[in-house]
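Nothing in this text is a laboratory measurement; each read-out follows from the coordinates by a stated rule. Quick caveat, the model's predicted, so the values are computed rather than measured. Glycine gets a Cβ as well: all are built from the backbone with ideal geometry, and neighbour counts include every protein chain shown.
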Amino acid sequence: MSENGLEGFGSTALGMLVLKVLDPDRYYRNKETLQVRRRQAALLAYNATLRMPVPPEGNHPCFKHSGNAGDIIYALPAIRALCGGGGGRLRLVLDTPIHVRHLRSSHPLGGVMLNRAMFDLLAPLLEAQPYLESVQVLDSERVDYDLDRFRTSPLPQDRLGISRWYFYHLAVSADLSEPWLEAPEVPAFRGSVIIARSQRYRNLCLDYQFLDRYPDLVFCGLEEEFADMRRTLPRLTYAPVKDFLQLAGMIRSCRLFIGNQSLPYALAEAQKVRRVLELDPSTPNVVPCGRDAHDVVFQSQFQQVVARMLEHD
C-alpha cells in the first residue's frame, strides 16, 4: 500500500482499468479508498467555506424551506429551538426543481419539491404549531435561516436522520424523543390501524398481507397507493383528508400507525404515536426515536413487532 493509501499504479484511471482485469481484489480495495478520499476532500472543501448563520435581533426569526413536505416536518425541531418556542416565520418556496434528476419521475409532485396544492394542504398544520407565528409563500422577505443549505453539502442525504441535517448546518440541537407537532384528535380513528405506503422507499422483503387478520385497517395517502395496497388487503378502507392538519389528527388518534418513509410517517414520528416504520435499507435517512417506535427490515421481525403492539396493548 502506497503512502497515499492506494496500491501502485492503481491510483490512476488507466491503472484502475488494468487492475480490474488482472487483480480484481486490488481493484476493489483501491476503488473504495478513492471513494473515501473523494468524500473526505469534498467535506474538507465544504467545511472551509461553511459559516453558521448569525442569530437575528428580536424574537421573530424568518426561516426559508423549499420542501419536500416531509423534510419540512423534520425541520421543525430545529425551527422550534431557534425561535425559542414562539414567533417563528416560515416562508416556503414553490416549484423548486428536484435536484436529483433520476428521482423526478417517481416523485408524487413530478419534477418539483413543493407546489401550490401541497402548500395549501400543509399550511393549516404548520399554522397550528404554537412556535410558528406565520406560514406563507416566500416573497421578498429577508430570510434569517436558510433551511435548504444541506442540499448543497457533501453529507450523504440517504442516511443520518433528516432532522439532524438541520442541526449540523444551524448549530442547534433538540430532543428528538419528544413530540414536536400538535394536532387535534379525530376520535373516529381511535381504534384504527392506519397504514401509509408510498411507491418510493419500499422494502421488498416486507409483505403486508398478514395484517388482514386485524380489524379496522385504514389507508391514508394517494388513491393509486390505496388501490395498490387493497390488492393485498381487501378489507382496507380509504380515508381522504381535506388537509394535513386533519391527517395529523387522524394519525395522533390511531391505535397503531404503520408506514414507510413518507409524509404520513413523518407526522407519526413528530407526534410520537405508536408506530412501525418500514425501512428501506438502501436509504436509512429516517430514524425512529423515543418510545413505542420500531423500524422493521425483515418479514418475521415485522410480524412479531405488529403482533406485540396490537395483541398485547
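Per-structure values
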{"read-out": "Nearest-0.05 FRET efficiency for Ser300 and Leu160, computed from C-beta distance (R0 35 Å)", "value": "0.80"}
{"read-out": "Relative compactness, segment 187-311, computed as alpha-carbon Rg over 2.2 N^0.38 Å", "value": "0.94"}
{"read-out": "Radius 13 Å from Cβ of Ser140, net charge of other residues (Lys, Arg +1; Asp, Glu -1)", "value": "+1"}
{"read-out": "Burial order of peptide ranges 164-170, 146-152 (average beta-carbon count within 10 Å, highest first)", "value": "164-170, 146-152"}
{"read-out": "Charge sum, other residues only, whose C-beta stays under 10 Å from Leu125's C-beta, Lys/Arg counted +1 and Asp/Glu -1", "value": "-3"}
{"read-out": "At most 15 other Cβ within 10 Å, DSSP loop - GluC sites (Glu not before Pro), segment 172-267", "value": "Glu185"}
{"read-out": "Cα shape, segment 8-49, gyration tensor, a/c 1.5 rule", "value": "prolate"}
{"read-out": "In segment 208-313, trypsin sites (Lys or Arg not before Pro) in a DSSP loop with at most 13 other beta-carbon atoms within 10 Å", "value": "Arg231, Arg235, Lys242, Arg291"}
{"read-out": "Cα pair count fraction exceeding 38 Å, expressed as % - the chain", "value": "24"}
{"read-out": "Förster-model FRET efficiency, 25 Å R0, Glu57 and Glu178, C-beta, rounded to 0.05", "value": "0.30"}
{"read-out": "Mean residue ellipticity (222 nm) of the chain, computed from DSSP H runs ≥ 4 via -39,500 (n - 2.57), nearest 500", "value": "-11000 deg cm²/dmol"}
{"read-out": "Net charge, Val218 excluded, C-beta distance under 11 Å - Lys, Arg +1, Asp, Glu -1", "value": "+1"}
{"read-out": "Span from the segment 110-137 Cα centroid across to the segment 219-244 one, whole angstrom", "value": "23"}
